[in-house]
Each structure stands twice: as structure tokens, then as C-alpha cells.
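Structure record follows, encoded as C-alpha cells.
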Amino acid sequence: MSLSSLLPAFGEAIRCPCCNHPIPALVLTNAYLCPRHGLFEVSVAEDGIIHLGSGRHWRFWQGQWYRQHQQVESLRAEIFAALDHLHHQGFYATGITLAQRYRKLVTPYVESRSDWFRQVYYSKLRLFGLPVTFQPDTQTGSRWQVIAFELAKKLGSPKTYRYFVCTRMNEGLRK
Ligand SMILES: [Zn+2]
């Protein structure tokens with residue numbers, strides 16, 4: 001019996017999706033152990049790993065783990081963190097493209113923030129004041145099955161910092 005047959009699907013070690021440190025597989029189990037973040041179990045059905053403490057789920061794409069969201073709050077928090085990160089790199093976001101698989105999760109949430117009038121007359125989805133579109137139907141490659149969103153960005157500071165607070169409520173009034 002070879003060693004690899006005793007190891008979980010991602011091999012001897014992975015990077016912890018929380019702290020990015022290399023963490024070892026536990027031989028004869030289906031899990032990896034981070035001393036700081038605990039156990040991550042390989043889920044063949046979900047094609048990724050699941051954090052046993054919290055149920056959070058990640059998939060792997062080109063050297064990185066991508067969180068798979070079950071709730072809109074966690075997706076929103078990840079987008080917020082990415083916007084913040086972008087800002088610290090000297091860019092600002094001009095739009096958000098979301099994976100199709102989050103359409104159902106996000107649409108009611110975003111729309112519920114607007115009244116029916118605005119929905120009819122300004123029927124654009126927005127999150128953090130940024131226009132939201134979904135992954136084009138022509139791009140159904142495996143990348144979009146893993147990543148949650150992409151940000152369109154430009155170099156420089158945003159004219160306003162509106163997207164650091166959710167300002168969708170006021171936006172239509174100024175038009
Ligand atoms: Zn960790």
C-alpha cells in the first residue's frame with residue numbers, strides 16, 4: 001500500500017484556508033489539521049474541504065482556496081474585505097461580477113433594499129453602491145464554479161467612499 005493511498009485527496013499537506021500556513025494531513029483520515037484553526041475535512045461530494053468547527057466550505061482553484069457561501073452575509077463580508085484590500089493596493093472598484101450560482105442567494109437580498117418604485121425605474125442591482133452583474137452565460141468554465149465574484153477595478157481613489165457603507169437606499173434620490 002502506498003503512502004498516498006493513506007492520505008486525503010489533496011495529498012500530504014494543504015494551505016489552511018484561514019491562515020494560509022501549510023497544514024499536514026492526518027494519515028488514515030480524510031482531514032487536515034491546522035494548529036490554530038482546527039480540522040478541515042475533505043468532502044468528495046462538495047469537491048473541496050469543510051471546516052469541522054463551523055461548516056464553512058472551500059474549493060480549490062489554481063493554488064488558492066475559495067470560500068463557498070451558503071449565506072448572503074458571508075458573501076457580502078468577503079466582497080467587503082476584497083473592496084478594502086483593493087483600496088489598500090491603490091485601486092477602486094467600479095463593479096462586481098457574481099457567479100451565477102449566487103444569483104438566487106443574492107437577488108432577493110439586494111432587491112429587498114429598494115422599494116418597488118425604484119426597482120421598476122432603476123432596476124439595477126447594487127451592492128455597496130456598486131453595480132452588480134452576473135457571470136456571463138458564455139463563461140461557464142470551471143473557474144466560475146469555484147470563485148464567487150470578480151471586481152472590476154481602476155487605479156486611484158474612488159471619488160467617494162460610498163461603497164464602504166451600504167448606501168443603496170439613498171442612491172435613486174440623487175438622480
Ligand atoms: Zn489555519
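The table that follows gives values for the structure above.
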item: Exposure proxy ranking, count of Cβ atoms within 10 Å, fewest first, for E12, E150, E73; result: E73, E12, E150
item: Footprinting exposure proxy for S5, S157 (fewest neighbouring C-beta atoms within 10 Å first); result: S5, S157
item: Burial ordering of R59, R76, fewest other beta-carbon atoms within 10 Å first; result: R76, R59
item: Residues whose placed amide H lies under 5 Å from that of L125, excluding near-sequence neighbours; result: V132
item: In order through region 5-15: 3J(HN,Hα) via Karplus (6.51 cos²θ - 1.76 cosθ + 1.60), integer Hz, x for Gly, Pro; result: 6, 8, 9, x, 4, 8, x, 5, 8, 10, 8
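No value in this document is a laboratory result; all are computed from the given coordinates. Keep in mind that this is a model prediction, so the values were computed, not measured. Cβ coordinates were reconstructed from backbone atoms using ideal geometry, including for glycine residues, and neighbour counts include every protein chain displayed.
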